[in-house]
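These notes are about the structure you will find just below.
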Amino acid sequence: MRQDSASGRDLDHFALLGLPRRFQVDAARLDAAWRELQAKVHPDRFATASDAERRVAMQWASRVNEAYRTLKSPLARARYLCELHGSPIQAESNTAMAPAFLMQQMQWHEALDDARSAGTADAFDSLHRDIQAARAEVLSAVAGLLDADPPDAAAAVGRIREWMFLERLADQVDDAASD
């Protein structure tokens, strides 16, 4: 197991899985690193070990799974990188966004209301395409900011908040389309 301390808690998720600390990750390499570590620390391998060894194996397996889940999800990975770079998202206490994006939010909400009124698949599909295009643009911007040398996590924070809004809006559109 890769570790800098006896507990391995000093390692960030990237170091734990032996990956570079970047937004763009090689999904196959991430999966392979997770499988390799799970093969070493899975609690089943320690079924006949002492209680303490089984407990440690369970802690390691949980830690490895947490790292994998975080790095597997692009949004969670972006949030995590911002935290590592000293710029936490603070979505609960700071909802600041660019004025242009706030205007776009209002337009999307109006379009969702219009799609609900129309009740047609075309109206929802059009809104869904707009959201997908905005997601792709935000994802590209976040990748560029976080993978820059040096990373600009502070600037990425606002774009990640936009991404979080887009995810919620996409869920609302999906829910409304299925009603």
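Summary table
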quantity: Counted residues, the stretch 85-132 - those being of a type outside the set (D, E, K, R) and over 23 Å from ASP152 (Cβ atoms); calculated: 21
quantity: Pick from the stretch 130-149, criterion under 21 Å from LEU84 (Cβ atoms) and surrounded by 19 or more Cβ atoms within 10 Å (Cβ to Cβ), ranking: nearest to the chain's Cα centre (by Cα); calculated: VAL142
quantity: Near pairs, Cβ below 7 angstrom, 6+ apart or cross-chain, from the stretch 97-116 (under 14 Å from ARG161 (Cα atoms)) to any residue that is surrounded by 12 or more Cβ atoms within 10 Å (Cβ to Cβ) and of a type in the set (Phe, Trp, Tyr); calculated: GLN105/PHE165
quantity: Filter result (among the hydrophobic types (A, V, I, L, M, F, W, C), touching a residue at least 12 places away in the same chain (Cβ under 8 Å) and either in a helix (DSSP H, G or I) or within 20 Å of VAL25 (Cα to Cα) (or both)) within the stretch 46-90; calculated: ALA57, MET58, TRP60, ALA61, VAL64, ALA67, LEU71, LEU75, ALA78, LEU81, CYS82, LEU84
quantity: Unique match (being assigned by TED's automatic domain parsing to the domain that holds LEU17, modelled with pLDDT of 95 or more and of a type in the set (Asp, Glu)) among GLU53, GLU66; calculated: GLU66
quantity: Odd one out for ALA47, checked against (1) touching a Phe, Trp or Tyr at 6+ places or on another chain (Cβ under 6 Å); (2) at pLDDT below 90; calculated: (1)
quantity: Filter result for VAL173 (among the β-branched types (Val, Ile, Thr), assigned to a helix (DSSP H, G or I) and over 13 Å from the mean Cα position of the chain (by Cα)); calculated: yes
quantity: Matching option when the condition is surrounded by 16 or more Cβ atoms within 10 Å (Cβ to Cβ) and out of contact with any helix residue (DSSP H, G or I) (no Cβ under 6 Å at 6 or more places or on another chain), among LEU19, LEU37, LEU81; calculated: LEU19
quantity: Residue selected from the stretch 87-108 under the condition small (Gly, Ala, Ser) and either more than 18 Å from the chain's Cα centre (by Cα) or assigned by TED's automatic domain parsing to the domain that holds ALA153 (or both), by the criterion surrounded by the most Cβ atoms within 10 Å (Cβ to Cβ); calculated: ALA98
quantity: Failed criterion for LEU11 (all others in (1) surrounded by 16 or more Cβ atoms within 10 Å (Cβ to Cβ); (2) touching a Ser or Thr at 6+ places or on another chain (Cβ under 7 Å) hold); calculated: (2)
quantity: Members of the stretch 12-44 found to be in a loop (DSSP other than H, G, I, E, B) and at pLDDT 95 or above, listed by number; calculated: ASP12, LEU17, GLY18, LEU19, PRO20, ARG21, ARG22, PHE23, GLN24, VAL25, ASP26
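Yes/no matrix, rows are residues, columns are (1) farther than 12 Å from LEU17 by Cα; (2) among the charged types (D, E, K, R):
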residue	(1), (2)
ALA32	no, no
PHE46	yes, no
GLN59	yes, no
ARG63	no, yes
ALA78	yes, no
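The values are calculated or read from the model by the stated rules, or taken from the named source; none is laboratory data. Because the structure is a prediction, the values reported are computed rather than measured. All Cβ positions, even for glycine, are placed from backbone atoms using ideal geometry, and neighbour counts span all protein chains on display.
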